[in-house]
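Trainee: Let me give you the structure first, and then I'll get to my questions.
Laboratory data are not the source of any read-out in this text; all were calculated from the coordinates shown. In this text the structure is predicted, and so the values were computed from the model without any measurement. So basically every Cβ, Gly included, is an ideal-geometry build from the backbone, and we count neighbours across all protein chains shown.
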C-alpha cells in the first residue's frame, strides 16, 4: 500500500524529534512521498538544525504565505535538494482550497496513494486554532472521497483506504472497515470512537476492556469514549459492520 506523509502547518511537539525523524526515515526507505503543505516545511527546518544529513520533503505545495519569515533562498535550496515545488498556488491566498486540501488531492492524483498519514494536525498550544484542527481532521474524510472517485476507488477498493493523523502520543484513525491498534508502551492505552455520520455500527472488537460488538455510535452522544486495552494485550482490533459509515478511532497512550 502506497502512503503519503503530509506535513501540515500545525503543532509539532519537538520534545520528541525522534518521532518525526523515524517517520521520515521510514518514508524514504519504503519510497513513500513526503508532502509539505505550506508551513509544514518548518518542521524540516527545525530538524535540520540538529541533523547531520539535511532532510527535505519530496513536494512543497500551497500559497506559501506561512513561509514569509524564512530566508529568500529557501525555495532555491529546496529545489536543488530535489524538492518539487508546485508553483501554481504560490501567492494565491484567495484560492478555494486550503493548503492541506491541496496536499491530500496531490497525494491521490499524482502518487495514487491509498493511505495518507497526517502530521502537524493539532493546533499550536495557546494558539486557539481549533478551526485548523477540525479542518485537518476532515482531510481524512476528503481523502476517502477523492480515493473513491479515483480509478482505484471506482474498482470497488474503498475498503483499502486508510487515513491517520499522527502525533507523538496519539494517533487518530479514519476507519472505513477495520483497524488494528498496536500497543505503544506499558502504560494505559486509551481508545475512543467518534462518529460524524448517523449509521456507525460496530461488528466486533478484540482486546478492549468494554467489548464493542453490536454497538451503534450515535453522532450526538459520547458513549464510546475512554475504552482501553485489556491488561497484557499487544493489539486491539475494531471491525465495522458491512454497511457502516466510517468512524474516527482515537488511540492515546501515556509516558
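Trainee: Sort 138, 221 so that the residue with the fewest other Cβ atoms within 10 Å of its own Cβ comes first and the one with the most comes last.
Mentor: In increasing order of surrounding Cβ atoms, one gets 221, 138.
Trainee: Taking the number of other C-beta atoms within 10 Å as the exposure measure, put 137, 225 in order starting with the fewest.
Mentor: Details: 137 19, 225 12.
Least crowded to most crowded, the residues run 225, 137.
Trainee: Based on the Cα gyration tensor of segment 80-172, what are the three equivalent ellipsoid semi-axes, each the root of five times an eigenvalue, rounded to whole Å and given largest first?
Mentor: Here the semi-axes work out to 23, 19, 13 Å.
Trainee: Let me ask you something else. Compute the semi-axes of the equivalent ellipsoid of segment 170-253, taking the square root of 5 times each eigenvalue of the Cα gyration tensor, and list them largest first in whole Å.
Mentor: Gyration-tensor ellipsoid for segment 170-253: 20, 12, 11 Å.
Trainee: Moving on. Which one is right for this structure if mean projected area of the Cα convex hull in nm² is calculated from it: (1) 14.6; (2) 13.6; (3) 19.3?
Mentor: Of the labelled values, this structure produces (1).
Trainee: Right, here's the next one. Where the Cα atoms of segment 104-227 are projected onto their three principal axes, how long is each span, largest first, in whole Å?
Mentor: Extents along the principal axes, in whole Å: 41, 40, 31.
Trainee: In segment 178-223, what is the volume of the convex hull around the alpha carbon atoms, normalised per residue and reported in Å³?
Mentor: Values: hull volume 4.1 nm³, N = 46.
Hull volume over Cα atoms, normalised by residue count, gives 90 Å³.
Trainee: May I pose another question? By the gyration tensor of its Cα atoms, with a ≥ b ≥ c the square roots of the eigenvalues, what is the shape of segment 1-128: rounded for a/c under 1.5, prolate for a/b over b/c, or oblate? Let's see the in-between values first.
Mentor: Details: a/c = 1.20, a/b = 1.06, b/c = 1.13.
Note, shape of segment 1-128 comes out rounded.
Trainee: Further question on the same structure: Order of 202, 172 from fewest to most other C-beta atoms within 10 Å?
Mentor: 202, 172
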